[in-house]
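A short write-up of the structure that comes next.
The values are calculated or read from the model by the stated rules, or taken from the named source; none is laboratory data. Fair warning: this is a prediction, and the values are worked out from it, not measured in the lab. Glycine gets a Cβ as well: all are built from the backbone with ideal geometry, and neighbour counts include every protein chain shown.
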Amino acid sequence: MTSDPIDVERVRRDFPILSRRIGPAELVYLDSANTAHKPAVVIEAEAQHYRCHNANVARAMHTLGAEATAAFEGARGRVAAFVGARPEEIVFTKNATEALNLAAHSLGAGLGPGDQVVVSLAEHHSNIVPWQMACQRSGAELRWFDLTEEGRLDLERAAAEDLINPRTKIVAVTWVSNVTGAVSPLAQIAAQARAVGARLVVDGSQGVPHRPCDVAELGADLLAFTGHKLAGPTGIGVLWGRSELLEAMPPFLGGGEMIEVVRMEGSTYARPPHRFEAGTPPIAQAVGLGAAVEYLSAWGMDAIARHEADITAYALDRLAELPEVRLLGPADPADRGGAIAFGLADLHPHDVMQVLDSYGVAVRGGHHCARPLHRRFQMGASVRVSSYLYTTRGEIDRLIEALIATLEFFRVRPGRK
Amino acid sequence: MGLESLYQEIILDHYRAKHHAGLRQPYSVEVTHVNPSCGDELVLRLALAGDRVEDLSYLAEGCSISQASTSVMSDLVIGRRLDEAVGLHDGFQAMLEGQGRVELDEEVYGDAVAFSGVAQFPARVKCAMLGWAAFRDAVWRASPGGTDD
């Protein structure tokens, strides 16, 4: 099913914050890979829940409790439908980081000396550090995919190094890089993992918000993503897992509502997903996330993906006009997400970000929680622009103008001053 | 708050031509400091002669604010008595954290006065403090009871 192209001007009217000004300038928000903006329907859904249905879930037996539980579990159903999963396969966490820590802790509980865990140099710190910790606890060895010069997983080198082998128990890689934008060849990696009996954990933080996702096709055993990059609230993330795998995994956090029977001598645990949701969950945030996935689905994820591919290709073209830009990642828009990271002359990304901000252009300057990736390319940090369904070509033009002004401000190019 | 108040000419001058940059021998203590949010790194060496700063050398990777601030600091502390130099650190930090309410004495601070604009950009205070914090740490490690590891 193919949706109609999205009408970006209509989209923009749904996002109240996009009418903000930064000083005298209209906001150009190119930091959606960091966090996305929220449409009014999401803001309203969360507020409406607090206004009319607020109660704790599962344990409150009164009318409001039943309404809150129905809203929370209804949101689980919406999120499940959004990724082609069953509701009981959707675990709510506080963010993608917690989802990955859950995976590393619970799936990692089966690791031992001699086992290997494979990640990649392209990972966000949240898909490196939890696995380092799991390896420290278990005595397993952490290995990783290197990257090609254009920032894609180096599959040839991995094959030469026998990276995925019978000792590999877990492979944890990103779907779409939050720095280079490179899309990982998940089908190929999934086949390699399956062939040696390893589990595939996918960090979908930059994938699920931007492209159609069907967990049956993705090839992952566990998939982590976060609400706030998906036009939803902060404070809620998701771990999807195959039912039989979740059933076999031990709990992560202990506490209320994740148990079956508690005795002082020991406890038995609830079935998934509640086994992994100790304590009061992010209820209103789940409701907001449910509204967000409905909102995105109404435009159509395929249409959103096409819009972003258009913006990304346009941005790559326009950035190529500036000889001072050194791209960190593929220049070819194929198999690429919307994050575009680059260096500008020898200017520090903080300085670039600061001048862009004075023109109302919001980008991220730093290592984007991917220090090993930057070191791989002999860079300490980079400037990153990232788009979403509300990004326009006009905003990319504003970015280019502001980058030229930055070059003039720091006298890389002759200009004013 | 305009860009020019942040990036004053003096700052850009120091950024383009850093004073006392590079790592030198001999030294009493070496420290490495990072700004975890941006990955900036600074290796700083302090050479002491009695209660004086004999030399301060550094290898730095970072933004114009952090580079220029480290350069200005090196001018201020080299040759100075240690307790005076630490006092300058404290005053500079108080100014940066003062949100514009704390002014530096230009007679004492010289070029460092140019960083007053940074106090209006809270996200950049850490940049301006990177070199100074490394210096303060080096002094602490070099002092009796400090650990030099």
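Of the residues making up region A:348-365, those that are outside any loop (DSSP other than H, G, I, E, B), out of contact with any Ser or Thr (no Cβ under 7 Å at 6 or more places or on another chain) and in contact (Cβ under 8 Å) with a residue 40 or more places away in the chain are A:Asp357, A:Ser358, A:Val361, A:Ala362, A:Arg364. Checked against the criterion of being free of Cβ contacts under 8 Å to residues at least 40 places away in the same chain and in a helix (DSSP H, G or I), the candidates B:Ala128, B:Ala133, B:Ala85, B:Ala94 yield just one match: B:Ala94. Here A:Ala362 meets each of (1) surrounded by fewer than 20 Cβ atoms within 10 Å (Cβ to Cβ); (2) away from chain B (no Cβ under 14 Å); (3) closer than 22 Å to A:Ser205 by Cα with one exception, condition (2). Can you tell me which residue is surrounded by the fewest Cβ atoms within 10 Å (Cβ to Cβ) among those in region B:1-31 that are polar (S, T, N, Q) and touching a residue at least 12 places away in the same chain (Cβ under 8 Å)? Only one residue fits best here, namely B:Ser5. Checking region A:23-41 against the condition returns a match, with at least one residue being under 21 Å from A:His210 (Cα atoms) and in a helix (DSSP H, G or I). You will find that of A:Glu88, A:Glu123, the residue that is touching a residue at least 12 places away in the same chain (Cβ under 8 Å), in a loop (DSSP other than H, G, I, E, B) and either at positive phi or charged (D, E, K, R) (or both) is A:Glu123 and no other. Residues that are in contact (Cβ under 8 Å) with a residue 24 or more places away in the chain and among the charged types (D, E, K, R) within region B:97-112 comprise B:Glu97, B:Asp111, listed in sequence order. Would you confirm, using the coordinates I've provided, whether A:Arg211 is modelled with pLDDT under 95 and among the basic types (Lys, Arg)? The answer is no for A:Arg211. Scanning region B:1-60 for residues that are in contact with a helix residue (DSSP H, G or I) (Cβ under 7 Å, 6 or more places away or on another chain), in a strand (DSSP E or B) and among the hydroxyl-bearing types (Ser, Thr, Tyr) yields a total of 1.
Take A:Gly338 and tell me if it is within 13 Å of chain B (Cβ to nearest Cβ), among the small types (Gly, Ala, Ser) and either crowded, with 19+ Cβ neighbours inside 10 Å or at positive phi (or both). It is false that A:Gly338 is within 13 Å of chain B (Cβ to nearest Cβ), among the small types (Gly, Ala, Ser) and either crowded, with 19+ Cβ neighbours inside 10 Å or at positive phi (or both). Tell me whether region B:123-146 contains one or more residues that are of a type in the set (Ser, Thr, Tyr), closer than 25 Å to B:Leu23 by Cβ, out of contact with any strand residue (DSSP E or B) (no Cβ under 6 Å at 6 or more places or on another chain) and away from every other protein chain (no Cβ under 14 Å). Within region B:123-146, one or more residues are of a type in the set (Ser, Thr, Tyr), closer than 25 Å to B:Leu23 by Cβ, out of contact with any strand residue (DSSP E or B) (no Cβ under 6 Å at 6 or more places or on another chain) and away from every other protein chain (no Cβ under 14 Å).
Is there a residue in region A:371-392 that is under 25 Å from the mean Cα position of the chain (by Cα), at pLDDT 95 or above, surrounded by fewer than 20 Cβ atoms within 10 Å (Cβ to Cβ) and over 17 Å from A:Asn178 (Cβ atoms)? Yes; the residues of region A:371-392 include at least one that is under 25 Å from the mean Cα position of the chain (by Cα), at pLDDT 95 or above, surrounded by fewer than 20 Cβ atoms within 10 Å (Cβ to Cβ) and over 17 Å from A:Asn178 (Cβ atoms). With respect to (1) out of contact with any Lys or Arg (no Cβ under 9 Å at 6 or more places or on another chain); (2) more than 12 Å from chain B (Cβ to nearest Cβ); (3) among the aliphatic types (A, V, I, L, M); (4) not in a strand (DSSP E or B), the lone exception for A:Ile404 is condition (1).
Of the residues making up region A:323-339, those that are under 19 Å from A:Leu30 (Cα atoms), of a type in the set (A, V, I, L, M) and not in a strand (DSSP E or B) are A:Ala331, A:Ala339. Considering only residues that are at pLDDT 95 or above and of a type outside the set (A, V, I, L, M), look in region B:116-139 and name the one that is farthest from B:Val77 (Cα to Cα). The extreme case among them is B:Asp137. Consider region A:372-401 and keep the residues that are of a type outside the set (D, E, K, R) and assigned to a helix (DSSP H, G or I). The one that is nearest to A:Pro323 (Cα to Cα) is A:Ile400. Please verify whether region A:277-291 includes one or more residues that are part of a loop (DSSP other than H, G, I, E, B) and touching a helix residue (DSSP H, G or I) at 6+ places or on another chain (Cβ under 6 Å). Checking region A:277-291: not a single residue is part of a loop (DSSP other than H, G, I, E, B) and touching a helix residue (DSSP H, G or I) at 6+ places or on another chain (Cβ under 6 Å).
When we screen B:Val34, B:Val43 for residues that are modelled with pLDDT of 95 or more and of a type outside the set (S, T, N, Q), the only hit is B:Val43.
Yes/no per residue for (1) away from chain A (no Cβ under 11 Å); (2) at positive phi; (3) of a type in the set (Phe, Trp, Tyr):
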position: B:Gly2; (1), (2), (3): no, no, no
position: B:Glu30; (1), (2), (3): yes, no, no
position: B:Asn35; (1), (2), (3): no, no, no
position: B:Arg45; (1), (2), (3): yes, no, no
position: B:Gly50; (1), (2), (3): yes, yes, no
position: B:Glu84; (1), (2), (3): yes, no, no
position: B:Asp90; (1), (2), (3): yes, no, no
position: B:Ala119; (1), (2), (3): yes, no, no
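Just one residue in the set B:Gly117, B:Gly91 is of a type outside the set (Phe, Trp, Tyr), more than 22 Å from B:Pro36 (Cβ to Cβ) and surrounded by fewer than 18 Cβ atoms within 10 Å (Cβ to Cβ); that residue is B:Gly91.
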